[in-house]
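See structure below.
The values are calculated or read from the model by the stated rules, or taken from the named source; none is laboratory data. All of these numbers come straight from a predicted model, not from anything done at the bench. Reconstructed Cβ throughout: ideal geometry from the backbone, glycine too, with neighbour counts over all protein chains shown. These area figures cover heavy atoms from the full protein model, side chains too; ligands, DNA and RNA do not enter into them. Shrake-Rupley method; radii C 1.70, N 1.55, O 1.52, S 1.80 Å.
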Amino acid sequence: MASVALSEAEKVYIVHGVQEDLRVDGRGCDDYRCVEVETDVVSNTSGSARVKMGHTDILVGVKAEMGTPKLEKPNEGYLEFFVDCSANATPEFEGRGGDDLGTEIANTLYRIFNNKSSVDLKSLCVSPREHCWILYVDVLLLECGGNLFDAISIAVKAALFNTRIPRVRVLEDEEGSKDIELSDDPYDCIRLSVENVPCIVTLCKIGYRHVVDATLQEEACSLASLLVSVTSKGVVTCMRKVGKGSLDPESIFEMMETGKRVGKVLHTSLQSILHKEESLGPKRQKVGFLG
């Protein structure tokens, strides 16, 4: 994880500000920074999105490929996650410095999507036990400015919303062998419903209070954080504590309630901006990373 060195005086200044519900950049404890979301930014993918939150910059690409269903789930497709921590994001990621963080983020994403309600995996099945769509979700960390998990979860949801999977037909000959036929029409595709895809809300405990969307400086003042995976209806699907410090039960309950409240607002804003961008059509001006 990217880190920043702070003096004791700077830490005291940040902690005292949080106690008064006034952070260094002027936000309240429950406020997010401005989030920029742009979809369809990489042409050779099935879906893509870029999210910029403060100085945190994330690029996600989704590639749909035909494969064989897993033995334990013969009538479902599945998702595979890969996270690459670019050395340009922070010098700490040079060499294999970002491998541990990449694995940690990928495992967290697997946990979030390891329930039947997140994505309709049965819609990815083409022929039970034989053919299914596998969605390879590649996450690239371009810049680290704090609150990585939240930004990545937003980018993954936006990329899945943008994903278009070719419509296929299963043809069976007289001998019983099956063949797959892809539609010639590039607009004849299926879309995933992302309504139940959760987003992560990270709450950092600073002093006696907790904040959402912490900057690198605020993360340096926090000994423990709670990652809360929240759906658009405010349902918590999983939780995870990170950091060396401890959290008492009362703090965990308060952080969960804050996560649910903030998460619902986050989902509403994200869905609104995604639908608004899609309504602009293919002629929309690209203004972001690959504009």
* Using bins 10 angstrom wide from zero, how does P(r) for the stretch 1-78 break down, in % of all Cα pairs? -> 14, 24, 24, 18, 14, 6
* To do: Starting from the Cα-Cα distance between S127 and D185, subtract it from 0.36 nm times their residue separation and give me the gain in nm to one decimal.
  => 18.8 nm
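Taking a probe of 1.4 Å, how large is the accessible area per residue of the stretch 8-280, in Å²? Before the final figure, lay out each step's value.
On the way: 13700 Å² over 273 residues.
I get 50 Å² per residue for this part.
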* Estimated inter-spin distance, S117 and S177, nm [label 7 Å along Cα→Cβ] -> 4.5 nm
* To do: Choose one answer from L182, L59, L270: the residue with the largest mean-square fluctuation in a GNM of the chain with alpha-carbon springs under 10 Å.
  => L182
* Mean residue ellipticity (222 nm) of the chain, computed from DSSP H runs ≥ 4 via -39,500 (n - 2.57), nearest 500 -> -8500 deg cm²/dmol
* Asked: Going by the alpha-carbon gyration tensor, a ≥ b ≥ c the square roots of its eigenvalues, is the stretch 21-151 rounded (a/c under 1.5) or, if a/c is not under 1.5, prolate (a/b greater than b/c) versus oblate?
  -> prolate
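Take every DSSP beta bridge with both residues inside the chain and express the antiparallel ones as a percent of the total, to the nearest 5. Mind dumping the intermediate values first?
Details: 51 of 59 bridges.
Antiparallel bridges: around 85 percent, rounded to the nearest 5.
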* Asked: Which residues in the stretch 185-216 have a backbone N closer than 18 Å to a point placed 7 Å from the Cα of H16 along the Cα-to-Cβ line?
  -> 206-209
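Are any of the pairs K157/K260; K52/K122; K63/K260; K70/K264; K52/K264 more than 28 Å apart by Cα-Cα distance, and if so, which? Kindly include the intermediate steps, with their values, before the conclusion.
Details: K157/K260 17 Å; K52/K122 32 Å; K63/K260 31 Å; K70/K264 33 Å; K52/K264 20 Å.
The answer is K52/K122; K63/K260; K70/K264.
Enter the mean projected area of the convex hull around the alpha-carbon atoms of the chain, in nm², rounded to one decimal. Let's see the in-between values first.
Working: hull surface 68.7 nm².
So the mean shadow area of the Cα hull is 17.2 nm².
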* Asked: Taking all protein chains as present, what is the carbon and sulfur share of the accessible area of the chain, in % to the nearest whole number, probe 1.4 Å?
  -> 51 percent
